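The values are calculated or read from the model by the stated rules, or taken from the named source; none is laboratory data. All figures in this text were calculated on a predicted structure; none of them were measured in a lab. Glycine gets a Cβ as well: all are built from the backbone with ideal geometry, and neighbour counts include every protein chain shown. The accessibility values were calculated without ligands, DNA or RNA, using every heavy atom of the protein model including side chains. Shrake-Rupley method; radii C 1.70, N 1.55, O 1.52, S 1.80 Å.
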Amino acid sequence: MKDIYILGIESSCDETSFSIVKNGVEEISTVISTQIDIHKQYGGVVPEIASRAHIKNITFVLDECLSEANMTIDDITAIAVTYGPGLIGSLLVGVECAKTLAYLYKKPLIPVHHIAGHIYANNLVKRLEFPLIALVISGGHTELIYMEKDYSFKKLGSTLDDAVGECYDKVAKVLNIEYPGGPKIDKLASLGKNTYELPIPLNDDSYNFSFSGLKSAVINLVHNEEQRGNLINKENLACSFQDVVIKSLTKKTMKALKDYNVHNLILAGGVAANSGIRNKFTELCEENNINYTFPSIKYATDNAAMIATAGFYAYLDGKRADITLNATSSCELE
Ligand code: KG4
Ligand code: ZN
């Protein structure tokens with residue numbers, strides 16, 4: 001088979017990124033321009049500022065990606081772009097760029113769902129093995145997905161309210177920790193002990209999750225302690241919070257693996273960078289003879305390498321878009 005080079009484009013939130021991946025497995029070059037420094041002064045991503053920054057950055061990031069690869073668009077087989085879900089203004093910048101390139105250079109255009117990208121970040125670590133269960137844990141998503149084969153997604157359950165990453169960021173905020181709080185809570189948790197009692201949310205037999213109650217419990221606990229003039233032990237609170245998150249995620253995921261008789265697990269999304277979550281899943285998978293793959297830390301959070309990789313399998317699956325492709329802030333994984 002002739003080599004297939006996919007140019008991936010990701011701009012769904014606050015990262016402008018381009019990547020070229022060969023045959024779905026070999027990363028040629030990836031450039032990520034993050035806006036974290038711009039948004040952290042506001043305590044979170046400001047959509048209007050994010051889309052303006054994407055417009056400012058996008059051509060430079062594309063140029064850098066091509067020059068790092070020592071390639072031109074003529075060498076590219078097809079263009080894959082995140083069309084949703086995400087911030088609409090941010091998504092539109094990537095989608096318009098992809099459509100323009102596809103039209104000008106007469107290349108196939110492949111629409112990629114952002115979560116498919118997060119799932120396929122694992123394919124850059126190790127070729128996915130099926131059937132598998134993917135636990136998707138990011139700033140906007142918490143989902144359990146069953147995949148029988150490449151590019152086939154069946155949702156088993158999802159969060160009924162907040163996403164787990166959002167919960168990490170809100171807990172960080174009440175502790176006066178800068179955005180994005182997830183990595184800092186992870187670090188604090190590793191230094192603390194589980195001393196604060198917090199409720200395990202939606203502790204039932206479904207595959208669904210809930211994090212808004214846990215978020216409120218932490219916020220109320222901090223406010224109550226402050227009103228009483230008590231100091232919060234941030235390390236211990238982070239550890240207690242993270243332990244509850246881990247209990248909820250592992251219980252539902254291990255149940256899904258057992259119920260579906262699946263022996264392959266992958267983690268996906270920004271929160272998959274969490275060391276406590278990785279350690280516990282490693283332990284449980286080894287105990288239960290489950291093969292597991294985690295995305296590299298660098299590609300757990302948003303990047304275009306995952307979009308180019310997913311784009312390769314979407315391309316093989318026959319997924320195509322034309323000049324009418326539109327960005328969408330919410331859409332089902334397909
Ligand atoms: O996947 P991602 O880059 O964006 C979305 O698609 O939502 O995920 C970003 C989220 C943020 O909420 C961030 O705090 C969280 O991932 N995150 C972490 C860690 N690294 C990133 N959460 C917990 N522990 C981490 N080490
Ligand atoms: Zn993401």
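Rolling a 1.4 Å probe over the protein heavy atoms leaves TYR179 with an accessible area of roughly 40 Å². Cut-off under 14 Å on the C-alpha distance; same-chain residues fewer than 8 positions from LYS193 excluded. Which aspartates and glutamates are left, in chain and number order? Result set, ordered by chain and number: GLU235, ASP243. Residues of region 221-244 with an amide N closer than 14 Å to a point placed 7 Å from the Cα of SER190 along the Cα-to-Cβ direction: 239. Principal semi-axes of the equivalent ellipsoid, √(5λ) from the alpha carbon gyration tensor of region 193-271, are 30, 12, 10 Å from largest down. For region 12-103, the share of alpha carbon pairs falling in successive 5 Å distance bins from zero is 2, 14, 23, 24, 18, 11, 5, 2, 0 percent.
Rounded to the nearest 500, the helix-only mean residue ellipticity at 222 nm of the chain stands at -13500 deg cm²/dmol, with each DSSP H run of n ≥ 4 adding -39,500 (n - 2.57).
Normalised by residue count, region 128-294 yields a Cα convex hull volume of 101 Å³ per residue. Just to confirm my numbers, what's the Cα centroid distance between region 121-136 and region 1-23 in Å? Each part's Cα centre sits 18 Å from the other's. Going by accessible surface with a 1.4 Å probe and the largest first, VAL45, VAL125, VAL31 read VAL125, VAL45, VAL31. The ILE49 and GLU27 beta-carbon pair, evaluated with R₀ = 35 Å, returns a calculated FRET efficiency of approximately 0.75.
Taking a 21 Å limit on the Cα-Cα distance, which of the listed pairs LYS2/LYS154; LYS154/LYS319; LYS255/LYS280 fall beyond it? Among LYS2/LYS154; LYS154/LYS319; LYS255/LYS280, the Cα-Cα distance tops 21 Å for LYS2/LYS154.
With the whole protein complex present, HIS114 retains an accessible surface near 10 Å², based on a 1.4 Å probe. The GluC sites (Glu not before Pro) of region 152-238 that DSSP puts in a loop, and whose beta carbon has at most 10 other beta carbons within 10 Å, are GLU197. Expressed as a whole percent, the accessible area of the chain that falls on carbon and sulfur atoms is 50 (1.4 Å probe). Subtracting the Cα-Cα distance of GLU235 and LYS56 from their residue separation scaled by 0.36 nm leaves 60.6 nm. For the chain, excluding the exposed loop sites themselves (trypsin sites (Lys or Arg not before Pro), DSSP loop, at most 15 other Cβ atoms within 10 Å), the longest remaining stretch covers 3-105. Once both labels are positioned 7 Å from their Cα atoms along Cα-to-Cβ, the gap between ASP259 and ASP205 label points is 0.9 nm. Between LYS40 and ASP317, the modelled label-to-label distance comes to 3.6 nm, taking each label 7 Å out from Cα in the direction of the beta carbon. If both residues of a DSSP beta bridge must be in the chain, then about 60% of such bridges are antiparallel. What share of the DSSP beta bridges in region 56-180 is antiparallel, in percent to the nearest 5? Bridges in region 56-180 that DSSP calls antiparallel: roughly 65 percent. Hydrodynamic radius of the chain by the Kirkwood approach over all distinct alpha-carbon pairs: 20.3 Å.
With protein chains left intact and a 1.4 Å probe, residues in the chain average 43 Å² of accessible area per residue. Relative to its Kirkwood radius, the Cα radius of gyration of region 210-334 gives an Rg/Rh of 1.08.
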